[in-house]
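The values are calculated or read from the model by the stated rules, or taken from the named source; none is laboratory data. Everything numeric here is computed off the predicted structure, so don't read it as measured data. Heads up, the Cβs are rebuilt from the backbone with ideal geometry, glycines too, and the neighbour counts pull from every protein chain shown. Ligands, DNA and RNA are stripped out before the accessible areas are found, and what is left, the full protein with its side chains, is counted by its heavy atoms. Shrake-Rupley method; radii C 1.70, N 1.55, O 1.52, S 1.80 Å.
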Amino acid sequence: MKRSVTVQPQSEVFMRDASEWSTGLCHCCSDGDQSCWCFLCISCQTVKLRGQCLCLPLLDMCSVIHPIAMTLRATTRERYSIQGSFCVDCLLSTFCCPCVYCQVHREHQHRQLPSMLGDIVQRK
């Protein structure tokens, strides 16, 4: 006896709600950390949180367009489903690079999610 399939299995689609940044772009000194006075320190800490090489912020200092800041902002926005666009990320990283690094750093601290498998293992 043959059975026919009357309903095909459907894949589940989960829609993540778009959210906002936890702090504004210009709130660099609101948390009282070194972001007020040491751009290089905060930029190195930010890339370290993402598991990247500490020398990456030096690339941003050597160019007019800041590809590392732009990529960090875009990937952070995508990871946490934050509203925005790549065009805005590009403009902000070009004209407000220190503020972008500070905002991304604060966002990672606010969300407190591990960025690498090593972070998950260490927390246990």
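Going by what's in this entry, would SER30 be described as at pLDDT 85 or above, among the hydroxyl-bearing types (Ser, Thr, Tyr) and not in a helix (DSSP H, G or I)? No: the conditions fail for SER30. Of everything in segment 12-27 that is open to solvent by less than 100 Å² (accessible area, probe 1.4 Å) and assigned to a loop (DSSP other than H, G, I, E, B), the residue that is modelled with the highest pLDDT is TRP21. Scanning segment 44-70 for residues that are part of a helix (DSSP H, G or I), crowded, with 18+ Cβ neighbours inside 10 Å and free of Cβ contacts under 8 Å to residues at least 60 places away in the same chain gives CYS44, VAL47, LEU56, PRO57, ASP60, ILE68, ALA69, MET70. The condition of being more than 18 Å from THR23 (Cα to Cα), polar (S, T, N, Q) and surrounded by fewer than 17 Cβ atoms within 10 Å (Cβ to Cβ) does not hold for SER85.
Considering only residues in segment 84-124 that are at pLDDT 85 or above and hydroxyl-bearing (Ser, Thr, Tyr), the one that is farthest from the chain's Cα centre (by Cα) turns out to be THR94.
Among the residues of segment 74-92, those that are within 16 Å of GLN109 (Cα to Cα) and in a helix (DSSP H, G or I) comprise THR75, THR76, ARG77, ARG79. When segment 71-110 is examined, which residues are found to be of a type in the set (A, V, I, L, M) and without any contact (Cβ under 8 Å) to a residue 60 or more places away in the chain? LEU72, ALA74, VAL88, LEU91, VAL104, listed by residue number.
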